[in-house]
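Here, each number is a calculation from the coordinates, and none is a lab measurement. Remember, it's a predicted structure, so these values are computed and weren't measured experimentally. All Cβ positions, even for glycine, are placed from backbone atoms using ideal geometry, and neighbour counts span all protein chains on display.
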Amino acid sequence: MSDRKIYSFYKGLFPGDVLNFSKRSPFVKEIMLERIYPRRVILPMKMHYGVPAVPIVGKGDLVKAGQCVGLPEKGAFSVPVHTGVSGKVTDIKEITLPNGIRTPAVFIENDMKRTRLDSLKPRSSLKLSATETIGVIRNAGICGMGGEGIPTAAKLARARGKAVTDFLVNCLQSEPYSTSDLTAIVEYPDYVVMGAAACARAVGAANLYFLISKDRKVERAALEASISRAKRDFEDLNIEIKLFRERFPQGYYRLVGKALYGKIIEEGETIEDICDAVLFNCSTMLACWEAISDNIPMMSRIVSLSGGSSGGHNVLVPIGTPVSELLANSYSEDSSENRIIWGNCLTGIEIDDPENTPIIKMTSVISVVRKTEIPRTACIHCGLCSECCPVSISPNIIFEMLAQGLGQKASEEGARRCISCGCCSYVCPAGIDLTSAIAEFANRGKVIEANTLLDNNAADLDYSMLPEQETAEASLLEDYSEDAGAEETKDDGSIVLPFDGGKKI
Ligand code: SF4
Ligand code: SF4
């Protein structure tokens, strides 16, 4: 089921480094059973790459779990937002997320009744065309859960338009103390595999590859068992597992392109164009199958809560849960001794208002780390930062250039290749925060991969065949099967998923 080769990029941080917390942490083996029902949720209208959705509920409105509370404006590059709790809308106002994004947000007080929309039930038929599959995913508000939150439907449509051959699923979660993706694989392997297979078929890929660390034996076993089951429904797909070394930041698309295909993806280029492949996060695939199979929009996610004396937990929470509610359910120690990080402890952002900071669609981990101040000294030219930089630039030299205002020279040294991984700051014995300075420079005016989706959105992505978006009263998810079920193939050449009607895994 997998070839014998072990893939990897060079450098980075790897086992033996102090960084390898999550492997030593007991929570890898813990069964994810905890669910948190927060007293309220804060739903930002922009949790994704693109423009914010527009609130379609008003203060005082009663809402049900699964209901859409924010819709993109017509023609906007955006995704809808749904509530994962039932209750009352208490406020709609602008908030600022820790990453600096200002966005309208809908505040909902949870009535703890867990009243769901009637439409959230398994789809009566799973015969969906490619266009309908992408339509369901778009209307479910799904965006990439592991990175920049690129709308999944737009990325699928682009991959289909470019006729990629390989569909890659990133199961390589390598961030310290972060195992939410790995937990998703162990808890819901069939959903991950079926979601990936359905999406791979929707884009017309011939190969479906799951990328996972060779050391993740439990997760591999779960994937292999699910792949065996899925092969019955997807005989035409070549499904394989590709093994990678345990290393941080394994899984970043440019590093995957180099490791798997030996190709260099320059800044602004896409993995579709250079490698004929498209890469998705495994938790995103789980969300896709929930939408396709069970008609459930993106309204909850698994989050790792890690660090501190309580070890680590993985919890299933409604999107919008305030960070304080996670902490209240897990920590008893004095929080003033800790830093709360929104994200992982290498690349995340420290927050000081957990009460008003929500879990968003891309939040895979909340890290709690002890407050320590590393004494800052001058660079001692040890070379550790260059040794670990995964894109092979010299952070100390670039840092010096930037400090002297020599931006052009820093660019020539490769500063714009920085992927903000945080490795250089982590290893620096002089306590120099190299990452902030270099990443800030690299991200200034950066053309990220998603921009090609924005540029091409009107021209290349054919949304004309997708159903019109619904109004506030109903779920955004329609049962497209009523029309699609009668035909095996479509005139437009789209692909029909070969599921049995009503089949449930
Ligand atoms: S310079 Fe950028 S890519 Fe290189 S180690 Fe530092 S943060 Fe990572
Ligand atoms: S790791 Fe720190 S001290 Fe060592 S060369 Fe890099 S900047 Fe200088």
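With a cut-off of 13 Å between beta carbons, the residues surrounding Leu406 carry a summed charge of -2, where Lys and Arg count +1 and Asp and Glu -1. The residue among Leu168, Thr133, Ile185 whose Cα reaches farthest toward the positive pole of the charge dipole of the stretch 104-188, with charges on the beta-carbon of Lys, Arg, Asp and Glu, is Thr133. A full extension of the chain between Arg102 and Asp118 corresponds to an added length of 2.4 nm, given 0.36 nm per residue minus the alpha carbon distance. Each Lys and Arg Cβ is given +1 and each Asp and Glu Cβ -1; about its Cα centre, the stretch 300-370 then shows a dipole of about 380 debye. Placing +1 on the Cβ of every Lys and Arg and -1 on the Cβ of every Asp and Glu, with nothing else charged, gives the stretch 26-171 a dipole about its Cα centre of roughly 260 debye.
Using the Cβ-Cβ distance between Asn356 and Val51 with R0 set to 25 Å, the FRET efficiency from 1/(1 + (r/R0)^6) comes to roughly 0.65. Extension gain, Ile374 to Tyr37, is 117.5 nm, computed as 0.36 nm per intervening residue step minus the present C-alpha separation. Among Lys263, Lys258, Lys93, the order by Cβ neighbours within 10 angstrom, fewest to most, reads Lys93, Lys263, Lys258. If R0 is 22 Å, what FRET efficiency do you get for Ile264 and Glu240 from their C-beta distance, rounded to 0.05? Taking R0 as 22 Å, the efficiency between Ile264 and Glu240 is 0.40. Measuring between alpha carbons in the structure, the pairs from Lys11/Lys217; Lys59/Lys155; Lys217/Lys258 lying more than 29 angstrom apart are Lys59/Lys155. Each peptide in 264-271, 229-236 gets a packing score, the mean of other Cβ atoms within 10 Å over its residues, and the list from highest to lowest is 264-271, 229-236.
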